[in-house]
């Protein structure tokens, strides 16, 4: 099985897209995009979706799994108990993402409210 960065390069070349074109679409430098294809940059789920949309392929085709699921092993902390392997169902990913963003916004509002209470005491 090919690693995802090699698959990205293959799909880009199949479309006759240049690295400069991809970098422009993704709003990164050509050097930063090259790092993606060289496996030097770990991708977020969002970036992987942007790349798959630009290349007109499913995320599953890039990462080599069943297209119904997306596996996110991009955890940026060093917690020893964090093994990754978070699974998203591609059919409901946008729904899950929106729920997550609403929960974050709610928590941020709550934190702001609590900080004001603390400041007043």
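The values are calculated or read from the model by the stated rules, or taken from the named source; none is laboratory data. Here the structure is a predicted model, which is why all the values come from computation and not from measurement. Cβ atoms come from the backbone with ideal geometry, glycine included; neighbour counts cover every protein chain shown.
Checked against (1) at pLDDT below 85; (2) under 22 Å from residue 8 (Cα atoms), residue 48 passes all but a single condition, namely (1). Taking the criterion of being modelled with pLDDT under 50 and surrounded by fewer than 10 Cβ atoms within 10 Å (Cβ to Cβ), the only residue of region 85-121 that qualifies is 85. Residue 33 falls short on exactly one of the conditions (1) at pLDDT below 95; (2) surrounded by 15 or more Cβ atoms within 10 Å (Cβ to Cβ), and that condition is (1). Scanning region 1-20 for residues that are free of Cβ contacts under 8 Å to residues at least 40 places away in the same chain and not in a helix (DSSP H, G or I) turns up 3, 16, 17, 18.
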